[in-house]
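Some notes on the structure that comes next.
The values are calculated or read from the model by the stated rules, or taken from the named source; none is laboratory data. Keep in mind it's a predicted model, so treat the numbers as computed, not measured. We place every Cβ from the backbone using ideal geometry, glycine too, and count neighbours over all the protein chains shown.
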């Protein structure tokens, strides 16, 4: 596909400077992306470790491996670490940081020092959370519902809350940086209508980060104030309203679902075109759907509260709007599928993850419609049906796309390929392990198994054994890429600037790219993704 | 001219792009701030709707005179800030430093009066979580008003302190002659921040101090 490369570029961003200081004080977006890659990966395996303990406990109906109090801490730590320290930063802070300036033809983000500050805030928040892990954990669930979190819990709520609060600012500043960069740093000729779809997705994500995260920050801060000074902002025994907390929390945390999944949409839009060698079907609709999801995402939070005393009319409206948000998501799925039609599809590792994403996200999205129906939600609320649903979105969707993106951009990041056979094997393992883990949870949940309990009735035993077995396969599926990607750093063949034959400015610069990305600022003269032109030339 | 070249960060092509980026960045940050305070204002609306009498009664214990004086002080500081921005745009160094210092002084006066008010509340046993004592009915509901009062004005005061730090940074820069007619956007965007913080107070003042007056 591309000419055989025999040597790396002489000077690139990895060898431009050496030493710990050159990394810890760097303002190069690519180096900051690598810092995020290392730390976020550590958090991913930490969160996975908690999940493994949860699954091991649930292998038997009785609460025998962990005491119920310990179990509560394990699933809480799993949720907090995975959501705030893996899913939210994963694609924006690693992949986004690395490729956004290159996609735009810029030397760096608009605010490189702010970018580094984001990473330090992320680390500071992460260290608070690690500190909590070491001294005994937190048991409120990742939602910090009051008054349990503010009055009754005996675990380390304030320190965890502080960790989330600080990390939130990292997320806000990253979003702010991306929004400004998209507005002001585009290369000449790169109009909004020519932006890569990954850019549209991350732009939409950043808007949600800027507008949603501060509300979480203030909600968590108020919980902290209530807990420290023993005053009643949300505590009903002191006149407070716990439902107000839920409104504030979900005003952020529902849009946060889109912070986690919109970047995945962007990745899939890129990969599906590269590996079917075809321009996306309906560029404007896919781009517009990202913005639509970001906007409507702010109007559906009440569907997390159907079982509270939220008024039934509010419930109806939230239910209707929740159905409505399926429209832009559906547009995307149909357009990706339509792009494959008559494309020249190749089944390399990133594409396998893309296929996995499309299938699993569709199941996750459709079960989301079940849950948006108030009547059915009352039946399956707080059961494993909900757990399975959001894992199909978060793990089946976001993690799949993240792994696809890592495999896709790995040659750009490191200058080297990886063993594709191993990659395809791992992708298959992840897909099988994932379904074995989470499909039985739909069944268990529909039959009435509640979430957040260490023990359960005998009748759910078989389904839980399947789920735990699947989780083990999934764990292996995640470890295999870790091994061969690290191996590839030294031993794999060189990739060259554009191993996939992909369009886009990021593939026009050497791999690994020089510190300022381009020798001279590129000028964009044609539409994005003109794959058909290339084929005509070949003919 | 050499000043301007030094001011250009490596990732930008020209000062115009840099100024555009920084201004947009500040506006985006202010959007975040609106939502941050928005959470508090939402809480205020919910509880005032739930406990209208308690909020009216409690509001009578606010020091309206101090609040009014502080409002005037802040509006004056905003004027000084606007004059500072204008001086920066015209490249007038001495007036720039003078107006920045005046802005800071008025900000400090505001914080001083605020501290005096807090002290007064402490003496009157009206600080929730520390020494709140309320003999009459609706104790919890009145406490909610004072809680919101301290959280909202406290958050606002914290923003003022950050603002004064930013102004100090501007003064130091101005004394070294960093700003010119071509390069003044740091003054402009910190001015945006300062005006925003003032604007928050314009909402806080009637909501906290004046609602009891018509009873």
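Exactly one condition in (1) at negative phi; (2) surrounded by fewer than 24 Cβ atoms within 10 Å (Cβ to Cβ); (3) modelled with pLDDT under 95; (4) not in a helix (DSSP H, G or I) is not met by residue A:146; state its number.
All conditions pass for residue A:146, except number (2).
Inspect segment B:154-175 for any residue being outside any helix (DSSP H, G or I), free of Cβ contacts under 8 Å to residues at least 12 places away in the same chain and closer than 23 Å to residue A:235 by Cα and give the result as yes or no.
No.
Could you say which residue among A:114, A:104 is under 20 Å from residue A:168 (Cβ atoms) and within 13 Å of chain B (Cβ to nearest Cβ)?
Exactly one residue qualifies, and that residue is A:114.
When segment B:37-49 is examined, which residues are found to be facing chain A (nearest Cβ under 7 Å) and touching a residue at least 40 places away in the same chain (Cβ under 8 Å)?
B:40, B:43
Do you know which residues across segment B:50-81 are surrounded by 17 or more Cβ atoms within 10 Å (Cβ to Cβ) and at the interface with another protein chain (Cβ under 10 Å from one of its Cβ atoms)?
Hits for segment B:50-81 are B:51, B:54.
Got a number for residues in segment A:210-237 being farther than 18 Å from residue A:170 by Cβ, more than 8 Å from every other protein chain (Cβ to nearest Cβ) and buried (at least 24 other Cβ atoms within 10 Å of the Cβ)?
Total satisfying the criteria: 3.
Hey, does segment A:478-497 have a residue that's crowded, with 21+ Cβ neighbours inside 10 Å and in a loop (DSSP other than H, G, I, E, B)?
yes
Against the condition facing another protein chain (nearest Cβ under 9 Å), more than 27 Å from residue B:44 (Cβ to Cβ) and in a helix (DSSP H, G or I), how does residue A:247 come out, does it pass?
no
Filter segment A:391-405 down to the residues that are buried (at least 24 other Cβ atoms within 10 Å of the Cβ) and more than 10 Å from the chain's Cα centre (by Cα), then identify the one that is farthest from residue A:30 (Cα to Cα).
This residue is A:392.
If I filter segment A:441-449 for residues that are surrounded by 21 or more Cβ atoms within 10 Å (Cβ to Cβ), modelled with pLDDT under 95, in a loop (DSSP other than H, G, I, E, B) and in contact with a helix residue (DSSP H, G or I) (Cβ under 7 Å, 6 or more places away or on another chain), do I get at least one hit?
Within segment A:441-449, not a single residue is surrounded by 21 or more Cβ atoms within 10 Å (Cβ to Cβ), modelled with pLDDT under 95, in a loop (DSSP other than H, G, I, E, B) and in contact with a helix residue (DSSP H, G or I) (Cβ under 7 Å, 6 or more places away or on another chain).
Being surrounded by fewer than 21 Cβ atoms within 10 Å (Cβ to Cβ) and either within 9 Å of chain B (Cβ to nearest Cβ) or in a loop (DSSP other than H, G, I, E, B) (or both) is the filter here, so list the residues in segment A:170-194 that pass it.
Across segment A:170-194, the qualifying residues are A:183, A:186, A:187, A:188, A:189, A:191.
Within segment B:12-28, track down each residue that is facing another protein chain (nearest Cβ under 7 Å) and crowded, with 20+ Cβ neighbours inside 10 Å.
Within segment B:12-28, B:21, B:25, B:28 qualify.
Condition check ((1) outside any helix (DSSP H, G or I); (2) over 14 Å from residue A:391 (Cβ atoms); (3) touching a helix residue (DSSP H, G or I) at 6+ places or on another chain (Cβ under 9 Å)) across all residues:
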| residue | (1), (2), (3) |
| --- | --- |
| A:413 | no, yes, yes |
| A:427 | no, yes, yes |
| A:434 | no, no, yes |
| A:437 | no, no, yes |
| A:452 | yes, yes, yes |
| A:455 | yes, yes, yes |
| A:462 | no, yes, yes |
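All but one of (1) part of a helix (DSSP H, G or I); (2) in contact (Cβ under 8 Å) with a residue 12 or more places away in the chain; (3) within 14 Å of chain B (Cβ to nearest Cβ) hold for residue A:285; which doesn't?
With (1) part of a helix (DSSP H, G or I); (2) in contact (Cβ under 8 Å) with a residue 12 or more places away in the chain; (3) within 14 Å of chain B (Cβ to nearest Cβ) applied to residue A:285, the lone miss is (3).
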